[in-house]
Amino acid sequence: MYIVDLHSHSNVSDGNLNPDDLISYAAEKNVDMIALTDHDDISGLDLARKKAEELGISFINGVEISVTWRSRTIHMLGLNFDPNNQNLIKGLERIREGRIERAKKIAYGLAMVGIPNAFEGAKSFASHQVIGRIHFAHYLVSKGYSKNIKSVFNKFMTKGKPGYVEHQWASLEDAVGWIKNAGGIAVIAHPGRYDMGKKLYPQFFQEFKNFGGGGIEIISGSQSLNQIDYFADFAQQFDFFGSIGSDFHGHGVSHRDLGPLHKLPEKIKPIWNQFTQTS
Ligand code: AMP
Ligand code: MN
Ligand code: MN
Ligand code: MN
């Protein structure tokens, strides 16, 4: 079986493995083709690609872009793009700057409930430029405010809790535009996580299609496998390619391991058949 995993994270964003160690682990798990898709940052791609070439795995450039659509946070994967594209690089830089502003507001919210120094604390858990809620979660666990990452999210880091702030990420149009401009394909990550309902999903997919979106992640480690048919039907309706990704974040922090989850339904066109330069 040819094993494809087009969604994974390293410590460039909120995973806990170095980009090259992630690839070594993928080789251990017999993955044939992998994309590294860190949140809003592509600086791990070079190191990961070198290791993939060394180990004979097909490597696909990837990124997971934070997007706001009608007040909802959507995660959009970019796959198989030119990582030197200035449009994309600048767009991602802006999002990372926004993350720092958001982090300061998160720290303020936590300070209001008696948790000091959370900005510096979270930063100390971020290995690179991306600062996210996971880094706050690690800091809070380290200080004993919660016993694990899952409970710290529930208690502090989700909507309505002291360490959550509304944030304006990239627009859907801009994010798709950057990926397309860089020669890549835009894919909606874990579509089952957006809780849009029967009316909004078709509107969302139609807008994504109109802007030039190309695929949806039908099989995802971070959504329930019983949603496969629901999103396979949308893929057919809007003529999207289907993608598969574990959303692996490293040892001890992921729901799912790297590697195969489930096969795409027969009727769906696999997105990886579009990738011509895979080494
Ligand atoms: P951010 O982009 O900084 O808002 O962080 C989003 C990331 O936090 C996701 O990609 C997950 O890695 C992680 N995350 C979100 N919700 C949870 C949760 N309930 N438990 C653990 N990790 C979560
Ligand atoms: Mn993440
Ligand atoms: Mn995501
Ligand atoms: Mn992800």
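The values are calculated or read from the model by the stated rules, or taken from the named source; none is laboratory data. The structure presented is a predicted model; accordingly, all values stated were derived computationally and were not measured. No Cβ is skipped: glycine too gets one built from the backbone with ideal geometry, and neighbour counts run over all protein chains shown. Protein only, heavy atoms only, side chains kept; ligands, DNA and RNA dropped before computing areas. Shrake-Rupley method; radii C 1.70, N 1.55, O 1.52, S 1.80 Å.
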*Point-charge dipole on Cβ atoms (K/R +1, D/E -1) for the stretch 196-279, about Cα centre, debye to 20*: 100
*Can you give the three extents of the C-alpha atoms in the stretch 1-96 along their principal axes, from longest to shortest, in whole Å?*
40, 25, 23
*Which is farthest toward the positive dipole end of the chain among MET33, GLN223, ALA111, measuring Cα position about the Cα centre, with Cβ charges +1 (Lys, Arg) and -1 (Asp, Glu)?*
ALA111
*Rounded to the nearest 0.05, what FRET efficiency do ASP195 and ALA111 have when you use their Cβ-Cβ distance and R0 = 30 Å?*
0.50
*So which aspartates and glutamates pass the test for LYS180, namely a Cα distance under 13 Å, with those fewer than 8 places away in the same chain ruled out?*
ASP82
_Sequence-separation-based contact order of the stretch 96-157, relative, with Cα cut under 8 Å and 6+ spacing, percent_ = 25
*asked:* Students sometimes get this wrong: rank GLU93, GLU166 by accessible area, probe 1.4 Å, all chains present, largest first.
replied: GLU166, GLU93
*asked:* Percent of Cα-Cα pairs more than 13 Å apart in the stretch 96-157, please.
replied: 56
_Exposure ranking of MET157, MET1, MET112 by accessible area [1.4 Å probe, largest first]_ = MET1, MET112, MET157
*Rg and Dmax of the stretch 93-237, Cα atoms only, in Å*: 17.9, 51
_Furthest towards positive pole of dipole, ALA126, GLY98, VAL152, structure part the stretch 96-157, Cβ charges_ = VAL152
*Filtered trypsin sites (Lys or Arg not before Pro), the stretch 169-269: DSSP coil and at most 10 other beta carbons within 10 Å*: LYS267
*Under a 5 Å amide H to amide H cut-off, with H placed in plane at 1.01 Å, what residues pair with ALA182 once short-range neighbours are removed?*
none
_FRET efficiency for GLU120 and GLN206, using Cβ-Cβ distance with R0 set to 35 Å, rounded to 0.05_ = 0.20
*Given H placed 1.01 Å from N in the peptide plane, which residues other than close sequence neighbours of HIS39 have an amide H under 5 Å from its amide H?*
SER13, ASP14, GLU64
*Share antiparallel - DSSP beta bridges, the chain, percent rounded to 5*: 40
*Using +1 at the Cβ of each Lys and Arg and -1 at the Cβ of each Asp and Glu in the chain, identify which of PHE81, PHE59, TYR164 lies farthest towards the dipole's positive end.*
TYR164
*Within the chain: Cβ-based charge dipole about Cα centre, in debye rounded to nearest 20 (Lys, Arg +1; Asp, Glu -1)*: 1100
*Dimensions (Å) - the chain, Cα atoms, principal axes, largest first*: 53, 46, 38
_Let me cross-check TYR145: its accessible surface, 1.4 Å probe, with only protein heavy atoms counted, in Å² to the nearest 10?_
80
*Could you pull out every one of the lysines with an alpha carbon less than 28 Å from that of LYS147, ignoring same-chain neighbours closer than 8 positions?*
LYS104, LYS105, LYS123, LYS155, LYS159, LYS161
*How much space per residue, in cubic angstrom, does the convex hull of the C-alpha atoms of the stretch 153-208 take up?*
118
*Mean residue ellipticity at 222 nm from the helices of the chain, using -39,500 (n - 2.57) per DSSP H segment of n ≥ 4 over the full residue count, to the nearest 500 deg cm²/dmol?*
-11500 deg cm²/dmol
*Roughly how many debye, to the nearest 20, is the charge dipole of the stretch 96-157 about its Cα centre, given +1 on each Lys and Arg Cβ, -1 on each Asp and Glu Cβ, and no other charges?*
180
